[in-house]
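Structure first, then comments.
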Amino acid sequence: MIVGDVALARRLEAFQARVGAANAFARAGGEVLDIAGGKAVFFTPDSPITQAIGVGIGEPVTVADVDRIEDFFRSRGAACSIHITPWSDPALLAELSSRRYQFFEFENVFVQRIDAIASNPTDPAIEVHLIKRDEAPTWARVCAAGFATEGIDEAALREIGEAFTAAEGGRCYLASIDGIPCGAAASVSVRDLGVVGLFGAATLPEFRGRGVQNALVARRLAEASGEGCELAFVSTLPGSASHRNVLRRGFELVYTKVSMKRVFGV
């Protein structure tokens with residue numbers, strides 16, 4: 001059993017912050033501010049990647065720190081979204097409350113030791129491969145189409161996907177059945193943290209229920225294990241299909257965090 005504590009939260013939030021920064025740097029105009037043990041990441045004004053992660057975990061956050069984060073986002077035309085974990089500095093939450101931040105979103109953080117994750121048989125009809133450079137647009141299209149729902153712009157999702165294919169340390173995989181791309185997924189390994197993150201898991205609607213994501217998970221975990229990673233990381237929205245999938249794989253919920261948001265000028 002993995003128990004969430006401040007050391008694990010600092011490790012996992014540092015991992016997420018690095019991934020966000022890599023995606024920002026892969027896009028022209030992306031910027032990152034290192035502050036209070038975390039990172040404020042700007043991708044585009046309305047992107048879900050634009051947020052502050054890992055701020056004040058096990059270390060103090062000052063009023064001046066919050067001012068700098070707000071100035072960073074405000075000057076780029078973005079709202080200020082800051083992640084709060086159970087181990088974030090209480091002074092940070094108090095400061096955000098005084099500035100009338102509003103709750104925006106819950107996020108569940110799951111981990112599991114790679115050597116303890118259940119190995120489910122994969123369907124040999126599902127072929128998984130690491131994409132080549134010229135397949136990046138196809139990967140981004142499949143990923144965006146698999147994720148797109150009412151209220152989420154597919155073009156914006158595709159832009160994020162295209163940045164991920166160019167991000168440092170990112171690996172993108174396509175799954176195909178009978179030569180037809182049917183699913184996409186990605187991973188990022190950060191060796192000094194010993195963590196691999198599983199991201200971008202999407203299956204086209206007509207191929208769901210056939211084990212596509214099982215095959216993509218198996219491929220990514222096998223490669224991460226060979227690189228010396230100890231922990232696999234996944235974050236999900238509570239109650240989502242991804243939430244159910246990671247539970248079936250034996251992942252453990254180590255903490256839930258919230259995104260607090262301030263929209264300037266409202």
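None of the figures in this text is laboratory data; all of them are computed from the coordinates on show. On a predicted model such as this, the values are computed, not experimentally measured, just so you know. Note: ideal-geometry Cβ built from the backbone for every residue, glycine included; neighbour counts use all protein chains shown.
With each label modelled as a point 7 angstrom along the Cα→C-beta vector, the residue 74-residue 153 pair spans 2.4 nm. Helices meeting the span-like rule in the chain (full DSSP H runs, Cα extent of at least 15 Å along the helix axis, mean Kyte-Doolittle score of -1.0 or higher): 6-25, 63-74, 136-147, 154-166, 212-226.
Take 201-212, 9-20 and order them by the average number of nearby Cβ atoms within 10 Å per residue, most first; the result is 9-20, 201-212. Using a/c under 1.5 as the rounded threshold, could you call segment 192-266 rounded, prolate or oblate? The axes a ≥ b ≥ c are square roots of the C-alpha gyration tensor eigenvalues, and prolate needs a/b larger than b/c, oblate otherwise. It comes out oblate by the Cα gyration axes.
Rounded, prolate or oblate, given the Cα gyration tensor of segment 122-246, with a/c below 1.5 counting as rounded? Because its axes are fairly even, with a/c under 1.5, segment 122-246 counts as rounded. Taking other residues whose beta carbon is less than 14 angstrom from the beta carbon of residue 93, and scoring Lys, Arg as +1 and Asp, Glu as -1, yields +2.
In the chain, helical runs assigned H by DSSP with n ≥ 4 each contribute -39500 (n - 2.57); averaged across all residues and rounded to the nearest 500, the mean residue ellipticity at 222 nm is -10500 deg cm²/dmol. Using only the Cα atoms of the chain, build the gyration tensor, take square roots of its eigenvalues as a ≥ b ≥ c, and label the shape rounded, prolate or oblate: rounded if a/c is under 1.5, else prolate if a/b is larger than b/c, else oblate. Prolate.
May I ask for the net charge around residue 144, where only other residues with Cβ less than 12 Å from the Cβ of residue 144 are counted and Lys, Arg are +1 while Asp, Glu are -1?
Charge balance in the 12 Å sphere: -2.
Only one residue of 218, 25, 144 has its Cα farthest out toward the positive end of the dipole of the chain, where Lys and Arg carry +1 and Asp and Glu -1 on Cβ, and that residue is 218.
Only four residue types carry charge here, +1 at the Cβ of Lys and Arg and -1 at the Cβ of Asp and Glu. Report the dipole size of the chain about the Cα centre in Debye, rounded to the nearest 20. Display every interim value, and only then the final one.
Working: 27 positive and 32 negative charges, 46 e Å.
Roughly 220 debye, rounded to the nearest 20.
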